[in-house]
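The structure appears right after this line, and notes come after that.
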Amino acid sequence: MKINLQTWKLPKINPYLFLILVISFSSNVFGQTATEDFDPIVDVFGGGFSGTGWANDSWVRFGASGNAGDVQVITTSQGNDNIGGNLLQLDDNDAGAYRLIDFSSATCARLTFDYDYDNDKEGDEQLLIQIDPENDGTYVTLQTITPTASFSPNPAVNVSILIPSSVHLGGANTRIQFITGLDNANFINEQWWIDNVTITINATPVVNDLADVTACDTFTLPAITGTN
């Protein structure tokens, strides 16, 4: 049987529907992303929206030392030259800041950021990276960073944390928090600097990374959906 190529035609595809499908598929495959580079400064704690992809407008100060003097954003001219740009500065013990993100559809997530600290550390001060899935002040510590020398890292350190599915699923207003520890061996203010915060939701796990596969063992591509 021969097919007459002049009369046999593929069904026409609505270009708008095709575009919707491509955008939807791409969004689900590559995940959603929240970012923060702490610019503009006036919006970071001021109620205006800073960064992209978050569930609330701005950061919230937290902790016994969570005041404007100890938790602030410093400018490029004031900043740490190992990172550059505007930075979140945490000064003193129990000084932190958190922001809300929607993890209600997350099956896998990764947090990355850059950090640096001043050169007065003796090894007892800590930076805790925490998550609060219920937004009720009950935190799970994802990682604790403790200085290993009395000198600031040079260059700044980039951290990548895979957030286990066991602690992050279901929270539409999940807190991501950076906070200093309770101990200060030097009895002077400790300073930590944080920048370039990125959270990728439903990022495809690295298949040859056992930690990724284990933590994201429930990972599946969400169904492709269109819009009316």
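The values are calculated or read from the model by the stated rules, or taken from the named source; none is laboratory data. If you're wondering where the values come from, they're calculated on a predicted model, not measured in any experiment. Neighbour counts are summed over all protein chains in view; Cβ atoms, including those assigned to glycine, are modelled from backbone coordinates with ideal geometry.
Of all residues in the range 175-201, those being at pLDDT 75 or above and outside any strand (DSSP E or B) number 2. Residues considered: THR148, THR204, THR214, THR138. Of these, the only one that is at pLDDT below 60 and in a loop (DSSP other than H, G, I, E, B) is THR204.
Looking at the range 44-56, which of its residues are part of a loop (DSSP other than H, G, I, E, B) and buried (at least 16 other Cβ atoms within 10 Å of the Cβ)? So that I can check it myself, show each step before the final result.
Here is the first cut: in the range 44-56, the ones part of a loop (DSSP other than H, G, I, E, B) are 45-51, 53-56.
Those that are part of a loop (DSSP other than H, G, I, E, B) and buried (at least 16 other Cβ atoms within 10 Å of the Cβ): PHE45, SER50, GLY51, TRP54, ALA55, ASN56.
What's the total number of residues in the range 59-81 that are crowded, with 18+ Cβ neighbours inside 10 Å and assigned to a loop (DSSP other than H, G, I, E, B)? So the count comes out to 7. Among the residues making up the range 94-120, a single one is among the aliphatic types (A, V, I, L, M), surrounded by fewer than 24 Cβ atoms within 10 Å (Cβ to Cβ) and assigned to a loop (DSSP other than H, G, I, E, B): ALA106. A single member of TRP59, TRP8 is among the aromatic types (Phe, Trp, Tyr) and modelled with pLDDT of 50 or more, and it is TRP59.
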